[in-house]
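Just so you know, all these numbers are worked out from the coordinates, no wet-lab data involved. Here the structure is a predicted model, which means the values were calculated and not measured. Methodologically, a virtual Cβ is constructed for each residue, glycine included, from the backbone with ideal geometry; neighbour enumeration extends over all protein chains shown.
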Amino acid sequence: LVNVSLYGSTGLMNIVSEPEYRKSLWSIAGTKGSNQVLMMQVYQDNVKYTKKHPGGYVVRLSDGRYFIYDTGDSDIPEQMMEYMRSRNTFTDGKVHIALIVVSHPHTDHMDGLPVLASKYASEIVCEAVAFNMTNRTRQTLYALSTLHGRQNTIVNAASALGAEVYCLRAGQKYNLAGAMLEVLFTPDELGTMILTGKNAKGESDTTYDQNNSSNIVRLTVGGQTITFTGDCRGGEAGIFNKLVKPVFRSEIMTVAHHGFNVSATLEMYTKAQPSVLFWPVRTDEQDMTRYFDQQLMAAKYVKKHFFEDSLVEINLPYIL
């Protein structure tokens, strides 16, 4: 088995094991079960976030285990655990997690993981944690020590949960109890693009923001595709658009970077034509002065918008 990526190494994942290709890539596949596949977006109840929008996405697989994309900040795990307990189908009293994917090393996307490990490890069975981070030579925003610190946070939390740690590579596909998970994009595909963190005007919310290190994955359930975009931004979206030409389809998508985005990212949604969008922001925090938000809200191909405070649970595949 060969994994194809434009750039084979991030230079930072030296303490994270690569799967041995002569074996089954991951041992987390599981067989398809009889449970209804569910998806919910979570955020911390009764907390007003103004500068950050922590959240995560929880999918209950057909065998009762969970797939989690991002664990939010440190306030998220309480509600995440409450939800998973309420939908638990295992008789051992434990929450079984097949895989946790961390989109990128920003605190509002990863800080919930060490809390899960420190506060709830005794009631969690977690099989795998996967991520991929950009290295120091490709960005100027974080010091090497910061990047290593955040990598160690993820790896140590996984260890405390008894989970294996894997590096995501674009092109990987995994069967999670009948749901197909595809890795579409990782920092490897950024190539030589430097993430400066600020543009010439000193603005940090730009094309070359650190958010361009997000891992993008797509889950297919019953023929329906759900794409998790993390904080994908302009530079990353521009590369992604070139890689997936001429067609990219996804019926359900998360709105990247909480709606704080640019035209290159909008092109990604225009190409995918999703009928359902999950916004990682509260309804009252959406910034409709932004062209990106205006265009997505006006897009005729989008039939349903869900915001964080909706606390909605949907069946997968989802029927409008």
Based on the alpha carbons, how large is the Rg to Rh ratio for region 200-320 when Rh follows Kirkwood?
0.95
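Mind ranking 65-71, 271-277, 255-261, 309-315 by how tightly packed they are, going by the mean number of other C-beta atoms within 10 angstrom, highest first?
On the way: 65-71: 26.6, 271-277: 19.1, 255-261: 24.6, 309-315: 14.6.
Ranking the peptides 65-71, 271-277, 255-261, 309-315 by packing returns 65-71, 255-261, 271-277, 309-315.
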What list of ³J(HN,Hα) couplings, whole Hz, do you get for region 144-155 from phi and the Karplus terms 6.51, -1.76, 1.60, once you set θ to phi - 60° and write x for glycine and proline?
4, 5, 5, 5, 5, x, 6, 4, 5, 4, 5, 5
How large is ³J(HN,Hα), in whole Hz, for each residue of region 102-110 in order, when computed from phi with the Karplus curve 6.51 cos²θ - 1.76 cosθ + 1.60 and θ = phi - 60°, using x for Gly and Pro?
9, 5, 6, x, 9, 4, 7, 10, 10
Under 12 Å from the Cα of LYS271, which aspartates and glutamates turn up, not counting those fewer than eight places away in the same chain?
GLU251
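So, R0 is 51 Å and r is the distance between the beta-carbons of GLN295 and GLU78; what FRET efficiency does that work out to, to 0.05?
Values: r = 35 Å, r/R0 = 0.69.
After rounding to 0.05, the efficiency reads 0.90.
Taking the Cβ of LEU116 as the centre, find all other residues whose Cβ is under 11 Å away and add up their charges (Lys, Arg: +1; Asp, Glu: -1). Mind dumping the intermediate values first?
Values: positive: LYS119; negative: GLU78, ASP111, GLU123.
With Lys, Arg at +1 and Asp, Glu at -1, the net is -2.
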Under the 0.36 nm per residue contour assumption, what length would be gained going from the current alpha-carbon distance of SER310 and THR31 to full extension?
97.3 nm
Between THR225 and residues 5 or more places away or on another chain, which pairs have amide H atoms under 5 Å apart, with H built 1.01 Å from N, and which residues are they?
GLU251, ILE252
From the backbone phi of region 119-134, what are the Karplus-calculated ³J(HN,Hα) couplings (6.51 cos²θ - 1.76 cosθ + 1.60, θ = phi - 60°) in whole Hz, Gly and Pro given as x?
9, 10, 4, 5, 10, 10, 10, 10, 8, 7, 10, 10, 6, 8, 10, 6
